[in-house]
Structures are given as C-alpha cells and as structure tokens.
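Have a look at the structure below, then the notes.
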Amino acid sequence: MAKVAIYNDRGKENGSLELDDNIFGLKSKMAVIHQVYLALMANAREPWAHAIDKSEVSGGGKKPWKQKGTGRARHGSIRSPIWRGGGATFGPLNTRNYKQKINKKTKKTAVKMCLSDKVQTSKFIVLENLVVDGKTKTMATLRAALPGLGKTTLLLASKNDEALKRAVNNIPKLDIQTASDVNVIDLLHHQYIITTKDGVKELENRLVK
C-alpha cells in the first residue's frame, strides 16, 4: 500500500499515511493522460476568430460594369474574394466546434494516474491540518517549510474556503483548487501537490466510485 509522510503546521514530518492503491498506486499510461489533457484543453477553447465571407460583406449588390464591351475582366460583385475589401475564402469561423467527448471513467482514471505519479515521485504532500486565518504570511511561512519551495504547487482544499483563497492569492507559484474539482490539467501544470487528510478523503470519495 502506498504511503506518504504527514507534516504538521510547522512543516515537520509527523508520521505517515496509508493511501488507497486503487487511486494512488496506479501505473501511469501517458496515452490516457494525453488523451484527457487534449480533450479538456479543446473543450475550454473559444472559437473567437471570424472572417466574413462573400455573403456577409456589405454592398456589392450591383454588377460593377456590364459583361461585355468595356475591355475589362468580367465581374459580378465587388464582394468577390479577389476584390480589395471583398470576402475571405475559407477563413476562420466563430461557429467552429472544438469540443471533444470523453467518458467519465477515462477522466477519473487519468486523474488517478496523475496523483499516483505525484505520490511515487514524492511530490504529494499531506498536512495533518491547515490553519486558516486568511493571512498570506501564515500560508507563505508554511509553504517555505515544506518540500519543493520555488516549484509550481497546487493546494487541494477539502472544501471551498474564501479565507484560504485570500491567503494563497499573493504567493508566487502557489495556486488553489478544491479536491472535488481538480483535473488532469491542474495536476500536470503543477509539480507539487499539497493537501490535508480531509483533502485525501475527499479525493478518495470522489475517485473510488
């Protein structure tokens, strides 16, 4: 069974905690993690780029000049893509759909694999408890005492806590997310994970199903 060290509120080791191997003891499969990561990134993508085509350009309802007798090339509308100010051909459209479907079981498996990797590389830190007073100084002092100082770190809270968010907000390279909402992108974009015993329970309750 996987084990991690438990740290007190001063950043000192104070025992160990056994973790569920079905969540924290999996072997990573990069193909699964990569598939979920790309799907989540695609689903967050907004198709804002848009080029107007010939039908959307204003004006040009009248034929520029008659078909024959002028010596010039024949044209039907100044909205044509070959005219300056005309519509674009095959330009980007804001109606494009980038969404990708991915089932819940695969997403859960990918999250488990990422958490397992953090445990196996000693980058999963568990606290006995977390003193929340809303002060940045308290949180910064605790982070400085824990392993991985200066590395990108994600704090997994067991519940939504505004005071904790306020304390973490101004600390460089430290972000916060709830254990019930953490995803593959969050885990891959941070080198270290910090949580509490309650946070571990929340992860297990979410992922054991």
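Since every read-out is calculated from the coordinates, none of them should be taken as a lab result. Given the structure is predicted, the values throughout are model-derived calculations rather than measurements. When we count neighbours, we look across all protein chains shown, and the Cβ atoms used for this are built from the backbone with ideal geometry, even at glycine.
Work out the FRET efficiency for THR106 and SER77 from their Cβ-Cβ distance, taking R0 = 35 Å, and round it to the nearest 0.05.
E(calc), rounded to 0.05, equals 0.10.
So which residue, out of GLY25, GLY87, GLY15, gets the largest mean-square fluctuation from a GNM of the chain using Cα contacts under 10 Å as springs?
GLY87
If you place +1 on the Cβ of every Lys and Arg, -1 on the Cβ of every Asp and Glu, and leave all else neutral, what size is the dipole of the chain about its Cα centre, to the nearest 20 Debye?
Dipole magnitude for the chain comes out near 1780 debye.
Below 8 Å, C-alpha to C-alpha, sequence gap of six or more: please give me the relative contact order for the chain in percent.
Reported relative contact order: 25 percent.
Compute the acute angle (0 to 90°) between the alpha-carbon long axis of helix 30-43 and the principal axis of greatest extent of the alpha-carbon atoms of the chain; round to the nearest 10°.
50
What FRET efficiency do you get for LYS165 and MET41 if R0 is 22 Å and r is their Cβ-Cβ distance, rounded to the nearest 0.05?
0.35
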